[in-house]
Amino acid sequence: MAGRADSTVLAGARVVLPTGTVENGRVIVEGTRIAGSTPEGARTVDLTGHWVVPGFVDMHNHGGGGASFATGTAEDVLTGVRAHRAHGTTTVVASTVTGDMDFLARQAGLLSELVEQGELAGVHFEGPFIAPCRKGAHSEALLRHPDPSEVRKLLDAARGTAKMVTLATELPGGIESVRLLGEHGVIAAVGHTDATYEQTVEAIEAGATVATHLYNAMPALGHRAPGPIAALLEDERVTVELINDGTHLHPASLELAYHHAGADRVALITDAMDAAGAGDGHYELGPLAVEVRDGVARLVEGGSIAGSTLTLDTAFRRSVTLDGISVDDVVRSISATPARLLGLYDRVGSLDPGKDADLVVLDADFTVKGVMRRGEWIIEPQPGR
């Protein structure tokens, strides 16, 4: 059941605020916003036994519901967005995959229109400026060096909606491109990289501020050659993405990242492909064939992991129930931290008055029971459930 909430008081739940969890809390919604006081005639919804948390913010997502952000039409993209909204992700950045530059420019134009319409929060270019030996599920034939003029072409095609570009910053032009991105207010992310520790430090000093899916598609942490992981974890200026689906990371790796970076520097992401929410079967990721079996996506040729089928509600539940991360910390990593990084925290990422009424209702087992976006119920919680 869905519909406009109008003036509503969500009462009786555990409400997670930036200052901590409030028992028997209240969230007041008036129109599309969270209100600071109760409007006259507001309807009360009893959510005793539930949690109310901010809507999830996914800054790295390639699609879902059987639809691809990287290659799909506008309607395909909206299908993917709706699939993730049903799992609590009220803010989505659309990620591309490596492709022909002209095609990427055209797709960026399509995605930018959906950003302008308010359906997406921005565009993330993952590839083609990545290391061939760390390509993962990207077509090696289409990779190229991060020449600043090529990077600029994609930024121009996105018409101001580009939020992030993933680069192997050790490649020719990498450091210059990091500086270019900084000049345009776009996040430079280190990822799909074969960089050394020293090269990664250089990229951070040049302005790189994100680790694209930390641990994955980069050299492992070594005691003599610490590589990019150590450099990215130790620097307070860097936010690290983590894919907590039980496939991409060992629980100890997740714990290590939280221990060194903390929730304010960890962004839980999906890195989802179109199979998220669509089940096992055969799919495509850009030009590459993918088979999803038992929820794990791998390239048909070579067997590399090909993104994920994760939704952020599963990442939330897993982080709390299996990994022992506190609810407050998970909320920061899944909402506030990415919202701040994307420059959206004035509107989303917490349940503060004045912000968009984007929220998720979870039961005691951290299963989604309600989702509201901009004051409208996508999934309306049913009393007693």
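Here are the numbers for the structure shown:
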quantity	calculated
Residue check for Val123: in contact with a Lys or Arg (Cβ under 7 Å, 6 or more places away or on another chain) and in the same structural domain as Glu150 (by TED's automatic domain parsing)	yes
Of residues in the range 101-120 being in contact with a Leu (Cβ under 7 Å, 6 or more places away or on another chain) and assigned to a loop (DSSP other than H, G, I, E, B), the one farthest from His138 (Cα to Cα)	Glu119
Pair list, Cβ under 9 Å, 6 or more apart: the range 199-215 residue more than 18 Å from Leu180 (Cβ to Cβ) and in contact (Cβ under 8 Å) with a residue 40 or more places away in the chain, other residue part of a helix (DSSP H, G or I) and of a type in the set (Phe, Trp, Tyr)	none
Residue within the range 143-161 that is of a type outside the set (Phe, Trp, Tyr) and in contact (Cβ under 8 Å) with a residue 60 or more places away in the chain present	no
Qualifying residue in the range 326-337 (condition: among the small types (Gly, Ala, Ser), surrounded by fewer than 21 Cβ atoms within 10 Å (Cβ to Cβ) and more than 21 Å from Thr239 (Cβ to Cβ))	no
The listed residue being more than 20 Å from Ala339 (Cβ to Cβ), of a type outside the set (Asp, Glu) and modelled with pLDDT under 95, out of Ala11, Ala105, Ala74, Ala5	Ala5
Options Gly127, Gly55: the member that is in contact with a helix residue (DSSP H, G or I) (Cβ under 8 Å, 6 or more places away or on another chain), crowded, with 20+ Cβ neighbours inside 10 Å, modelled with pLDDT under 95 and not β-branched (Val, Ile, Thr)	Gly127
Criterion: surrounded by fewer than 23 Cβ atoms within 10 Å (Cβ to Cβ) and in the same structural domain as Asp46 (by TED's automatic domain parsing) - qualifying residue of Gly354, Gly370	Gly354
Answer residue from the range 251-291, given it is among the charged types (D, E, K, R) and at pLDDT 95 or above and is nearest to Val97 (Cα to Cα) among those	Asp271
Residue identified as touching a strand residue (DSSP E or B) at 6+ places or on another chain (Cβ under 9 Å) and either part of a strand (DSSP E or B) or in the same structural domain as Gly354 (by TED's automatic domain parsing) (or both) among Thr98, Thr71, Thr48, Thr79	Thr48
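One line per residue, one yes/no per condition, for (1) closer than 17 Å to Val320 by Cβ; (2) within 17 Å of the chain's Cα centre (by Cα); (3) among the aliphatic types (A, V, I, L, M):
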site: Glu234; (1), (2), (3): no, no, no
site: Glu241; (1), (2), (3): no, yes, no
site: Asp245; (1), (2), (3): yes, yes, no
site: Thr270; (1), (2), (3): yes, yes, no
site: Met273; (1), (2), (3): no, yes, yes
site: Asp280; (1), (2), (3): no, no, no
site: Val292; (1), (2), (3): no, no, yes
site: Val296; (1), (2), (3): no, no, yes
site: Leu299; (1), (2), (3): no, no, yes
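The values are calculated or read from the model by the stated rules, or taken from the named source; none is laboratory data. The shown structure was predicted, so the numbers you read here are calculated from the model rather than taken from an experiment. Don't worry about glycine lacking a Cβ; one is built from the backbone with ideal geometry, like all the others, and counts go over all protein chains shown.
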